[in-house]
1. Considering only residues that are open to solvent by less than 90 Å² (accessible area, probe 1.4 Å) and over 20 Å from residue 96 (Cα atoms), which ones fall in region 131-155?
2. Taking the condition of being hydrophobic (A, V, I, L, M, F, W, C) and outside any strand (DSSP E or B), how many residues in region 120-150 meet it?
3. Out of the residues in region 120-130 that are more than 16 Å from residue 168 (Cβ to Cβ) and touching a Leu at 6+ places or on another chain (Cβ under 8 Å), state the one that is least open to solvent (accessible area, probe 1.4 Å).
4. Output the residue which, of all residues in region 38-60 that are in contact (Cβ under 8 Å) with a residue 24 or more places away in the chain and in a loop (DSSP other than H, G, I, E, B), is nearest to residue 102 (Cα to Cα).
5. Between a first residue in region 8-22 that is without any contact (Cβ under 8 Å) to a residue 40 or more places away in the chain and a second residue that is aromatic (Phe, Trp, Tyr) and open to solvent by less than 80 Å² (accessible area, probe 1.4 Å), which pairs have beta carbons less than 6 Å apart while being 6 or more apart in sequence or on different chains?
6. Assess whether residue 49 counts as being open to solvent by 60 Å² or more (accessible area, probe 1.4 Å), touching a strand residue (DSSP E or B) at 6+ places or on another chain (Cβ under 6 Å) and among the polar types (S, T, N, Q).
7. Considering region 7-25 alone, what residues qualify as being in contact with a strand residue (DSSP E or B) (Cβ under 8 Å, 6 or more places away or on another chain), open to solvent by 50 Å² or more (accessible area, probe 1.4 Å) and assigned to a loop (DSSP other than H, G, I, E, B)?
8. Which number in (1) open to solvent by less than 30 Å² (accessible area, probe 1.4 Å); (2) under 20 Å from residue 25 (Cα atoms); (3) part of a loop (DSSP other than H, G, I, E, B) marks the one condition that residue 71 misses?
Amino acid sequence: MNQVSIEEHAVADSAAGPYALTTGPDGALWFTLVHSGEIGRLVPGEEPTSHRLDPTCGPTVITPGPDGALWFVEIAAGQLGRITPDGQITEFPLPDRTARPHAVTVDSDGTAWFTEWGGNRVGTITPDGTLTVHDLPTLHSEPHGIALGPDGAVWTALEIGALARIAPADSTT
């Protein structure tokens, strides 16, 4: 087995709960602090910084978009957020604030795709805030993870033990 070096970097009070992280377009590590309601940023070798949200919003997954901003979900607040590398935050409340958005991914057009595990839906939102939601065919399937697939479709992981493929109805892929 190859040897590895593992270093730990404190990014917040341990109760803040770092949850998910991604590399941002600025080369920094961006992460969510689910228990303290913050979005953090870390450049290795520097002190971490954070951007405060509502402390009870529960930010979970964060992902970069092609326009240089990052999208994140606020599971407890029922909304999505978008943050620019300079820290400008825009929040987008969902029509159903109890939908429990959980994960987000962004396609090459800059549209964010997200799961609503409490609402049994998958949704999209554009950078200008245009929101669309799509009901899943199986009740109580609880979509959690979401990713762009190699076939150009969006895929979501369902708690019922299945994966769902989401593509336009007229798609030939």
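The values are calculated or read from the model by the stated rules, or taken from the named source; none is laboratory data. It should be emphasised that the depicted structure is a prediction, and the values quoted were computed from it without experimental measurement. Backbone-built Cβ (ideal geometry, glycine too); neighbour counts: all protein chains shown. SASA here: full protein model, heavy atoms, side chains in, ligands and nucleic acids out. Shrake-Rupley method; radii C 1.70, N 1.55, O 1.52, S 1.80 Å.
1. Scanning region 131-155 gives 147, 148, 149, 151, 152, 153, 154, 155.
2. Number of matching residues: 2.
3. Among them, the one singled out is 125.
4. So, considering only residues that are in contact (Cβ under 8 Å) with a residue 24 or more places away in the chain and in a loop (DSSP other than H, G, I, E, B), the one nearest to residue 102 (Cα to Cα) is 58.
5. Note: pairs meeting the criteria are 18/31.
6. Numbers: open to solvent by 60 Å² or more (accessible area, probe 1.4 Å): yes; touching a strand residue (DSSP E or B) at 6+ places or on another chain (Cβ under 6 Å): yes; among the polar types (S, T, N, Q): yes.
Judged against the criteria, residue 49 is a match.
7. 9, 25
8. For residue 71, the failing item is (3).
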